[in-house]
Amino acid sequence: MAELFSTHVIKSASKGPNGLIIAGVHGDEYQPVLAVMKLIDQLQGSLIAGTVTLVPITNRNAYFSGARVGEDNLDLARTCPGNTEGTVTEKVATEISELIRKADFFIDMHTGGNLFDISPLSGYMLHQDSKVLEKQRAMATAFNLPIVWGTSPELEGRTLSVARDANVPAIYTEYRGGDYRTEGVDSLVSGCLNVLKYFGMLENQVPPDKPKYFVEDDKPGSGHLQVMHPAPEEGLFVATVNLGDLVTKGDKLGYLLRESGEKGAAILAQKSGLVFLKRAVPMAKAGDALAGILPIE
Ligand SMILES: [Zn+2]
């Protein structure tokens, strides 16, 4: 059997943590893929402790379709810990889950893909083990994106669910949408390098900036992006807010335009906070996520 994904292992001469950095869990999220490819290049010969395992394109089947999911239509981020006898996505889930369990820390980089535009953020599950949680907070802060976001830990099927169950400190990142931005790739590369510095694996440890927004939200499902502000009916989502806008509960975020040209349902903010997620493909079916709000004070 051809290998499901390629793995690059960079070793230092000294003992230290075994870090795992992956991209391409979804096939339409390119900046993280480019960032991991750059890291594979940059880390050669520069690690002073430990080992880093890098996977640039975890879900090759989806990547070569230019889509979030591959030919079996399974979302890899809902399929972990996988099934060795299953479809291609289930097999990938099994293999990546094994790597996660062996790691001492884990970074999984995403974007909004074709469907969403998401403010740059690093996030983690609010782990019940305070030592794991503290490390995750430190990693997310070290990554140095404007938003640090801890969310309720009960969601299943994610790479982070596997890390949670194995007590492996883990963060994920989001950075805008499915297109290519040089500054996005650069931010992700330096974010990963900062986390490696935090673990003492690279020279020149520098204290990170304080994130602009630090939010921990333990409401069940708080990190589930695909259910935020669901469309009450089918239509073209005409947003009246932008990423980064501050809104108050009840404010209008936009409306759905019906096929007839008449205005359909208005979409109202379900909470006060920062608009951090916006649907990028205007056409929405009933139930599709339209926007997300980060509950900042
Ligand atoms: Zn993703």
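The values are calculated or read from the model by the stated rules, or taken from the named source; none is laboratory data. All values reported here derive from a predicted model rather than from experimental measurement. With ideal geometry, Cβ positions are generated from the backbone for all residues, glycine too; neighbour counts draw on all protein chains shown. Quick note on the areas: whole protein, heavy atoms, side chains included, nothing else; ligands and nucleic acids left out. Shrake-Rupley method; radii C 1.70, N 1.55, O 1.52, S 1.80 Å.
Summary table
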{"quantity": "Among the residues listed as 104, 129, 117, the single one being under 22 Å from residue 296 (Cβ atoms), at pLDDT 95 or above and acidic (Asp, Glu)", "calculated": "117"}
{"quantity": "Top-ranked residue of the stretch 148-177 - restricted to ones that are away from the ligand (no atom under 16 Å from the Cβ) and touching a Ser or Thr at 6+ places or on another chain (Cβ under 8 Å), ranked as modelled with the lowest pLDDT", "calculated": "152"}
{"quantity": "Test: residue in the stretch 62-78 that is outside the structural domain of residue 289 (by TED's automatic domain parsing), assigned to a loop (DSSP other than H, G, I, E, B), among the basic types (Lys, Arg) and open to solvent by less than 50 Å² (accessible area, probe 1.4 Å)", "calculated": "no"}
{"quantity": "The stretch 260-280, residues that are open to solvent by 60 Å² or more (accessible area, probe 1.4 Å) and aliphatic (A, V, I, L, M)", "calculated": "268"}
{"quantity": "All positions within the stretch 197-211 that are surrounded by 15 or more Cβ atoms within 10 Å (Cβ to Cβ) and in contact (Cβ under 8 Å) with a residue 60 or more places away in the chain", "calculated": "198, 199, 201, 202, 208, 211"}
{"quantity": "Residue check for residue 183: open to solvent by 30 Å² or more (accessible area, probe 1.4 Å), outside the structural domain of residue 276 (by TED's automatic domain parsing) and part of a helix (DSSP H, G or I)", "calculated": "yes"}
{"quantity": "Residues that are closer than 23 Å to residue 274 by Cα and β-branched (Val, Ile, Thr), drawn from the stretch 106-138", "calculated": "111, 118"}
{"quantity": "Qualifying residue in the stretch 42-57 (condition: in contact (Cβ under 8 Å) with a residue 24 or more places away in the chain and either charged (D, E, K, R) or within 13 Å of the ligand (Cβ to nearest atom) (or both))", "calculated": "yes"}
{"quantity": "Residue selected from the stretch 83-113 under the condition assigned to a loop (DSSP other than H, G, I, E, B) and open to solvent by 30 Å² or more (accessible area, probe 1.4 Å), by the criterion nearest to the ligand (Cβ to nearest atom)", "calculated": "87"}
{"quantity": "Pairs where the first residue, in the stretch 103-124, is over 21 Å from residue 56 (Cβ atoms) and the second is of a type in the set (Gly, Ala, Ser) and within 10 Å of the ligand (Cβ to nearest atom), C-beta under 9 Å, 6+ apart", "calculated": "115/178; 116/178"}
{"quantity": "Residue check for residue 170: open to solvent by 10 Å² or more (accessible area, probe 1.4 Å) and either over 18 Å from the mean Cα position of the chain (by Cα) or under 23 Å from residue 144 (Cβ atoms) (or both)", "calculated": "no"}
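Conditions (1) in the same structural domain as residue 102 (by TED's automatic domain parsing); (2) surrounded by 22 or more Cβ atoms within 10 Å (Cβ to Cβ); (3) more than 14 Å from the ligand (Cβ to nearest atom); (4) not aliphatic (A, V, I, L, M), marked per residue:
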| residue | (1), (2), (3), (4) |
| --- | --- |
| 13 | yes, no, yes, no |
| 21 | yes, yes, yes, no |
| 24 | yes, yes, no, yes |
| 32 | yes, yes, no, yes |
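Residue by residue, here is whether (1) at pLDDT below 95; (2) farther than 21 Å from residue 115 by Cβ holds:
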| position | (1), (2) |
| --- | --- |
| 207 | yes, yes |
| 232 | no, no |
| 250 | no, yes |
| 262 | no, yes |
| 274 | no, no |
| 285 | no, no |
| 289 | no, no |
